[in-house]
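The values are calculated or read from the model by the stated rules, or taken from the named source; none is laboratory data. Remember, it's a predicted structure, so these values are computed and weren't measured experimentally. Cβ placement follows ideal geometry from the backbone for every residue including glycine, while neighbour counts extend to all protein chains displayed.
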Amino acid sequence: MIQTKHGNINLPAFMPDATYGSIKAASFKDVEKTGTEAIVTTTLHIEQKIGSLYIKEFGGLHKFFGWNKPILTDSGGWQVFSLIQSKADKGKNKITDLGCSFVNPNTGEHSLLTPESSQVIQHNLGADIVTVLDDPILGDASYAQRKECIRINTLWAKRSKKKFDELNSHLKVKPLIGAVIQGGNDTELRKISAEELLELDFDIYNFGGMPLHTGITWLTDSKKGFYHEMLEYVSSLIPNTKLKYAMGIGQPDDIAFCVDVGWDLFDTVLPTRNARHGLIYVSEGQGEETKKYKSFGYDTLHLKTERYKFDDKPIDEKCSCEACSTVSRAYLRHLIRIGEASGLRLATIHNLQFYADWMSQIRQSS
Ligand SMILES: [Zn+2]
């Protein structure tokens, strides 16, 4: 269990992503009702769209959101990294020892995100769990480039920790801080990264790299198997006295696998994004396709398809969420097909309920 100023998180835990400061289509009350104990939010989006100084003046993210449970913030590094990889980049965005300098594609404004400024922003937001700025490795980077990434990643982690201690030394209940283990598809570099970061003594160690759900992998010929091996390997590098956070993961069966090999914390946009597209997670035997990890099984169903047109059953007979106790599959299908907000909300609530129940099932079995 993780203890924070805003309550406890039972482990292993899944945290939905509140990108831009909202769980799309649902309210925080809806999220709380599913039994979800923590959320993740994206630092750079909040900084750019709202401003962390404004949030500080308002009284912190918890007060602003009306969410009184733990909040984990990312470092903002992933958004900059995505920008660097994007078409909008045109060589304008750079990573140096100092930090990430980038041009906001929407405003044309130049910004600099440093390990220190990322900590200050997260501190202003009042997060319960903060993350150090990290330097992810690109899939096709040369060995020299990958080694350079690890050097910068450790350097930034060291400076982040220093700033974090400075900002929080006076607090009775300090936030927790997580560092990100990088190394791409290279076990030797992963080991170096883990060892260097372990020396700096963080509370949480994160698995860094490409998120599983994008379909982008480091090795195209062995998609899933490779990720599983690497997740197992990186977990083995982290002592069990530390918390382990598999960032951006994942499908329910991937989560079950990761818990089995030692990971404690998870986040992904999958349940919420898929809900809005009518891809629903249900108990085993109630959908179209079953996926399994050991004894943990579930089904998915594509609610927009013809087969649910006359289906008067609830989405999932075993689920107790608002959607399952109020609407039929046929009606929810109609609402999602016309993009009706109430339908997107109910589907989101159900998928989050499914993930919360999935995690409690995993917790009960261990
Ligand atoms: Zn439900």
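Quick look at the numbers
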| read-out | value |
| --- | --- |
| Wholly enclosed strands (runs of 3 or more DSSP E) of region 11-129 bearing at least 3 residues among the polar types (S, T, N, Q) and in contact with a strand residue (DSSP E or B) (Cβ under 9 Å, 6 or more places away or on another chain) | none |
| Pick from region 296-326, criterion in a strand (DSSP E or B) and either surrounded by fewer than 14 Cβ atoms within 10 Å (Cβ to Cβ) or hydrophobic (A, V, I, L, M, F, W, C) (or both), ranking: farthest from the ligand (Cβ to nearest atom) | 296 |
| Selection within region 183-232 - at pLDDT 95 or above, in a helix (DSSP H, G or I) and not charged (D, E, K, R) | 192, 193, 194, 197, 198 |
| Residue within region 350-359 that is within 21 Å of the chain's Cα centre (by Cα) and either away from the ligand (no atom under 14 Å from the Cβ) or surrounded by fewer than 17 Cβ atoms within 10 Å (Cβ to Cβ) (or both) present | yes |
| So residue 174, is it surrounded by 15 or more Cβ atoms within 10 Å (Cβ to Cβ) and in contact with a Leu (Cβ under 9 Å, 6 or more places away or on another chain) | no |
| Residue ID - nearest to the ligand (Cβ to nearest atom), chosen from residues in region 278-295 that are in contact (Cβ under 8 Å) with a residue 40 or more places away in the chain and in a loop (DSSP other than H, G, I, E, B) | 278 |
| Residue match in region 142-152 (condition: surrounded by fewer than 16 Cβ atoms within 10 Å (Cβ to Cβ), in contact with a Pro (Cβ under 9 Å, 6 or more places away or on another chain) and assigned by TED's automatic domain parsing to the domain that holds residue 54) | no |
| Residues being surrounded by fewer than 23 Cβ atoms within 10 Å (Cβ to Cβ) and not aliphatic (A, V, I, L, M) - total across region 153-163 | 6 |
| Residues located in region 256-299, provided they are aromatic (Phe, Trp, Tyr) and under 16 Å from residue 323 (Cβ atoms) | 281 |
| Which numbered condition residue 334 fails, given (1) free of Cβ contacts under 8 Å to residues at least 40 places away in the same chain; (2) under 27 Å from residue 40 (Cα atoms); (3) more than 16 Å from the ligand (Cβ to nearest atom); (4) not in a loop (DSSP other than H, G, I, E, B) | (2) |
| Within region 8-51, considering residues that are free of Cβ contacts under 8 Å to residues at least 40 places away in the same chain and of a type in the set (A, V, I, L, M, F, W, C), the one farthest from residue 104 (Cα to Cα) | 28 |
| Index of the failed condition, residue 259 passing every other in (1) β-branched (Val, Ile, Thr); (2) surrounded by fewer than 21 Cβ atoms within 10 Å (Cβ to Cβ); (3) in contact (Cβ under 8 Å) with a residue 60 or more places away in the chain | (2) |
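Rundown of residues vs (1) among the polar types (S, T, N, Q); (2) buried (at least 16 other Cβ atoms within 10 Å of the Cβ), yes/no style:
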site: 28; (1), (2): no, yes
site: 31; (1), (2): no, yes
site: 35; (1), (2): no, no
site: 43; (1), (2): yes, yes
site: 50; (1), (2): no, yes
site: 62; (1), (2): no, yes
site: 66; (1), (2): no, no
site: 76; (1), (2): no, yes
site: 83; (1), (2): no, yes
